[in-house]
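First the structure, in the form of structure tokens, and then the observations on it.
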Amino acid sequence: MKALLAPAPAPTHRLTAVGVLLLLVLSATAVFVAPLVMPESYFWVSNVISESAAQNVHGAWIARLGFLLFGFAVLWLSISSRSMWARGAYWFHVGFGVFMVSTAAFSHRPWVVDVPFDWFEDLLHSVTATGMGFAFAFGVLVRLLQRRRSERYKRAFDGVAILAAVLLPVSGGLWPSVGGFTQRLMFLVAYLWYGNEAMLARRLAGRERAANALQATPASGRGWR
């Protein structure tokens, strides 16, 4: 357990926050705009995001691009945050990124009747989407356990994200008429959580640079004596 909660040694990158936030914004734009190019039978409140990226559906590339950008953003953030994330959080969020990219590669069956689809690809999509949900929930849980007690707001946000990851998919399954809305709400929570982590990585990187500069100042001063 201690090994999973211990930070893994690795540097953070200066451009992580800007790059990750840009990818997250582009991903969210693609995901939330995709319904606008769907056939008239698509209704964003009831039809899930994966159906806007379904097989043999016109305009599905937009939502798939959103999945791909989301996955790349999380992978970038995870690799850059190895020095401050617990090992368990690192691997769970890497898993989330990999599953998200895989979800872009393996598409959902279309909701339109009589449209041909590959049932095995649809099965792979279900597997990757399920794995993605578990990876996010457990990854956030490990981050929550890793945080200090004084980080009340961050811990509270972690708790909200975990509850959303558990309750929103269940509610979408119980009430399919609002399944699309609940899934989009879940994506919004995930976007905000990863965006917050990117900003946190930037602040910590800034503190590290300032600390390194202070340590280097005496050493550089000796050369002039």
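Just so it is clear, none of the values below were taken in a lab; they were calculated from the coordinates. Everything quoted here is computed from the prediction, not taken from an experiment. Reconstructed Cβ throughout: ideal geometry from the backbone, glycine too, with neighbour counts over all protein chains shown.
Dividing the alpha-carbon radius of gyration of the range 113-196 by 2.2 N^0.38 Å (N being the number of residues), what value is obtained?
On the way: Rg = 15.5 Å, N = 84, 2.2 N^0.38 = 11.8 Å.
Expressed relative to 2.2 N^0.38 Å, the Cα Rg reads 1.31.
Shape of the range 2-216 from its Cα gyration tensor (a ≥ b ≥ c, root eigenvalues): rounded if a/c is under 1.5, otherwise prolate when a/b > b/c, or oblate? If you can, show how the numbers build up before the last one.
On the way: a/c = 2.28, a/b = 1.95, b/c = 1.17.
The shape class here is prolate.
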Taking neighbour Cβ counts within 10 Å as the exposure measure, how do TYR194, TYR153 sort from fewest upward?
-> TYR153, TYR194
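Rounded to the nearest 20 debye, what is the charge dipole size of the range 2-216 about its Cα centre when +1 sits on each Lys and Arg Cβ and -1 on each Asp and Glu Cβ? Write down the numbers at each step before the final one.
Values: 18 positive and 10 negative charges, 306 e Å.
That gives a dipole near 1480 debye.
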